[in-house]
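What follows is a short report on a single structure.
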Amino acid sequence: MEKKYPLIAGREKGPGPGRYGLPPTIGFMGHDFTKSTSPAYSFHGRMSDTMYCVDSSPGPQYRVDAKITRFGRDGTPAYSILGRSKEQKELFQTPGPGAYSPEKTPPCNLQRRPPSYTMGSRTHYRSVDPVPAPNKYCLPPLMGPQVPNKQASASYTMSGSYSAGGPSVDLAQTPGPCRYNSTDPSVYLPRQPAFSMLGRHSLPKDATKKPGPGTYNPEKVTVHKARAPAFSLGVRHSEFVTPLVVYVSD
């Protein structure tokens with residue numbers, strides 16, 4: 001049989017404020033009759049102009065010029081900037097100063113003319129002219145012993161090295177300093193202690209192989225047990241249970 005629990009009054013919750021349909025207190029239509037209402041007004045449409053006058057004057061829409069006074073038009077002069085007027089074609093076109101060429105007129109009354117010059121082309125060199133140009137002459141150098149009219153100092157040259165028999169050649173084939181071997185100081189002096197850097201030692205460990213976590217199969221527990229362990233969530237406590245109140249002073 002199903003166990004019946006006693007009803008808790010706190011579980012019986014009524015509807016919210018939105019579930020109640022009260023008449024509105026705003027406006028005139030459907031207003032709550034228990035509340036007083038204020039007078040309501042409405043905006044009427046615009047009345048026609050034919051109610052008071054059929055032929056109306058246009059009102060202050062006439063534009064009176066500012067230059068018109070009660071004594072007539074203002075007499076101050078007015079100016080405006082107009083466009084450039086087109087030139088009228090003259091019957092006789094008078095030539096300008098640039099149209100005349102007085103230098104082309106022949107001499108009158110046997111007058112003497114001033115000399116005139118023109119820029120001619122460059123003259124060609126004569127191929128039979130034996131005179132050399134200035135850049136053909138060269139002066140003797142002043143460095144070295146080859147100056148004919150100058151006193152020269154002693155000159156020296158650097159000759160090449162001799163392959164054999166020269167002063168810089170060692171005929172005895174004497175070995176150089178690098179050919180001699182130096183003796184270790186520990187042979188004839190007290191020897192100091194010597195140390196060497198060895199490799200890192202490995203930590204001692206067990207050489208046997210252990211299975212990893214993936215080797216185990218805990219889901220196969222039913223091989224040696226009746227069934228796998230099962231867990232459940234506990235009962236939710238009622239929200240209407242009175243909490244335990246403990247005074248700190250006690």
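The values are calculated or read from the model by the stated rules, or taken from the named source; none is laboratory data. Please read these numbers as outputs of a predicted model, since none were measured by experiment. Every residue, glycine among them, receives a Cβ derived from its backbone with ideal geometry; neighbour counts consider all protein chains shown. Quick note on the areas: whole protein, heavy atoms, side chains included, nothing else; ligands and nucleic acids left out. Shrake-Rupley method; radii C 1.70, N 1.55, O 1.52, S 1.80 Å.
Which condition number in (1) modelled with pLDDT of 75 or more; (2) assigned to a loop (DSSP other than H, G, I, E, B); (3) surrounded by 10 or more Cβ atoms within 10 Å (Cβ to Cβ) is the one that SER121 fails?
(3)
Are any residues in region 3-33 open to solvent by 100 Å² or more (accessible area, probe 1.4 Å), of a type outside the set (Lys, Arg) and part of a helix (DSSP H, G or I), and if so, which ones?
The one that is open to solvent by 100 Å² or more (accessible area, probe 1.4 Å), of a type outside the set (Lys, Arg) and part of a helix (DSSP H, G or I): PRO17.
Restricting to region 220-240, and then to whatever is among the hydrophobic types (A, V, I, L, M, F, W, C) and modelled with pLDDT of 75 or more, can you tell me which residue is surrounded by the most Cβ atoms within 10 Å (Cβ to Cβ)? Before you say what the answer is, go through the steps one by one.
Within region 220-240, the subset among the hydrophobic types (A, V, I, L, M, F, W, C) is 221, 223, 226, 228, 230-231, 233, 235, 240.
Restricting the remaining residues to those that are modelled with pLDDT of 75 or more gives 221, 223, 226, 228, 230-231, 233.
On the way: VAL221: 12, VAL223: 6, ALA226: 6, ALA228: 10, ALA230: 5, PHE231: 4, LEU233: 5.
Filtering first and then ranking leaves VAL221.
Can you pull out the residues in region 48-91 that are aliphatic (A, V, I, L, M) and modelled with pLDDT of 80 or more? Steps first, please.
Filtering region 48-91 for residues aliphatic (A, V, I, L, M) gives 51, 54, 64, 66, 68, 78, 81-82, 91.
Of everything in region 48-91, those that are aliphatic (A, V, I, L, M) and modelled with pLDDT of 80 or more turn out to be ALA66, ILE68, ILE81, LEU82.
For the subset of region 207-217 comprising residues that are open to solvent by less than 100 Å² (accessible area, probe 1.4 Å) and in a helix (DSSP H, G or I), which member is nearest to ILE8 (Cα to Cα)?
GLY214
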